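To keep things clear, I will list the structure first and then write my remarks on it.
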Amino acid sequence: MNDIAGTPTLAAAFKQEELFPIREVSRLTGVNPVTLRAWERRYGLIQPTRTDSGHRLYSQADIEAVRSILAWIERGVAVSKVGKILAKNEAAKAPVVEPYQALAEGEWGEWQTQIRLALSRFDELQLERLYGQVFATYPLAVVFADIFLPIWQDLLLRREQFGQTSEWLFLDSFLRARVLQRLQLARNPAQERVLLVAIPGHCHELELWVAGLLLGSNEWAVSVLALGQPLDELALVCEKLQPQALVLFSNHAPSAELPRQLQRLALGLGCPLALAGEAAELGGEALSGTPVACLGNAPGLMSRRLQRFLAGQLDT
C-alpha cells in the first residue's frame, strides 16, 4: 500500500477494479440476488457489467450503491424514489470530479483500510493514532463525512453479521467521545447561539453531534440539545435561551405531516426555524414558501445556508 503521507500515483488511483459475482455481493450487503436483479431491471438503480455468458459482475462502486439504497430504504424512502435521490446526489458531486479528487478518494480509502483493521482488532490505541493523523491531514468535514462516517454507516447496515455490531459499537463509542469533546471546546459564551435538535427517532446521537460540528461558525456557537428533546417544548426552551435560530435535524424521509408540524412550530417560536439533514434534501419542495429554511445535508453547505438564512438572504 502507498505511504499515507505521500501522494499515490495516477496508475494506482486508476487501476482496474475487482469485480464480484452476484452471490458475493449478496453476502457482502445482505440483499438477496432476486432483489438485486429487481433493483436493476425494474428501477435501474444499479448497472452491473455482464460476462460473455451473461453473468452479472459488480464493481466496488456498485456495492456501495447497494448500501446507499439500503440506507435510504431504512430511512423510509420508497425504493421507487431512491433513483432520483441518487441521481441528484451524483449531479451535485459532478462539478468537482477532477483527477486530484480521485487521488484524494484513493487516500481516503487507504486511511479507511487502516481504520477498519484497527476496528477488527478492537485496538483503541491504534484507532486513536489514526484519528489524530487524519485530523492533522484533512479538514473536519473530510474527516467525518468522507473517512470515518462512511465506515460507521457501513457497519451499521451490516450489524446482523457476526462481529459487526461489536465493531460498530466500538467505533460509535470512540467517535462520540471525541466529537463531544470538540463540541465542548468550540463553545464560546460570547457568541450568538444556534440550537440544534433532533426530531425524535430520526437519527443517531453521533449523526446529530457531527451535524453540530459542521454547522459551527466563527459567528455563532452551536448548542446541541439531548436526543429525545420533545418538539412541543421547544418554544419554552427557546424562550429561556433566546437563540439566534433553531435547527431541527432528521436523517429520515419526511412524512406528509412534517411540513405542517414544522410550520405550526415556527409560528410559536421567537426565532427562525430551519431543517437540516437528509430530510431537508428530500422535503425542500414541500417546505418551499414556508417560514422554514432547508439547509441540506452536505458538509459546508449547511453552515453557508444557515449564514444566508440568518442574514435574510436565503429563500424559504
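For the range 166-173, indicate whether the set of residues that are free of Cβ contacts under 8 Å to residues at least 60 places away in the same chain, surrounded by 14 or more Cβ atoms within 10 Å (Cβ to Cβ) and closer than 30 Å to Glu233 by Cβ is non-empty.
Within the range 166-173 (the criterion being free of Cβ contacts under 8 Å to residues at least 60 places away in the same chain, surrounded by 14 or more Cβ atoms within 10 Å (Cβ to Cβ) and closer than 30 Å to Glu233 by Cβ), the answer is yes, since at least one residue qualifies.
Can you say whether Val77 is farther than 19 Å from Leu19 by Cα, at pLDDT below 85, of a type in the set (A, V, I, L, M, F, W, C) and not in a helix (DSSP H, G or I), as far as the supplied structure shows?
yes
Mind checking which residues of the range 183-204 are crowded, with 16+ Cβ neighbours inside 10 Å and out of contact with any strand residue (DSSP E or B) (no Cβ under 7 Å at 6 or more places or on another chain)?
Within the range 183-204, His202, His204 qualify.
Please find, among Glu233, Glu207, the residue that is within 23 Å of Met302 (Cβ to Cβ) and assigned by TED's automatic domain parsing to the domain that holds Cys294.
Only one candidate passes the filter, namely Glu207.
Of the conditions (1) within 24 Å of Leu306 (Cβ to Cβ); (2) within 18 Å of the chain's Cα centre (by Cα), Gln191 fails just one. Which one is it?
So Gln191 meets the others, but not (2).
Residues Ala279, Ala266, Ala274: which one is assigned by TED's automatic domain parsing to the domain that holds Leu306 and under 26 Å from Val79 (Cβ atoms)?
Ala279
The values are calculated or read from the model by the stated rules, or taken from the named source; none is laboratory data. The structure displayed is predicted, hence computed values, not measured ones. Reconstructed Cβ throughout: ideal geometry from the backbone, glycine too, with neighbour counts over all protein chains shown.
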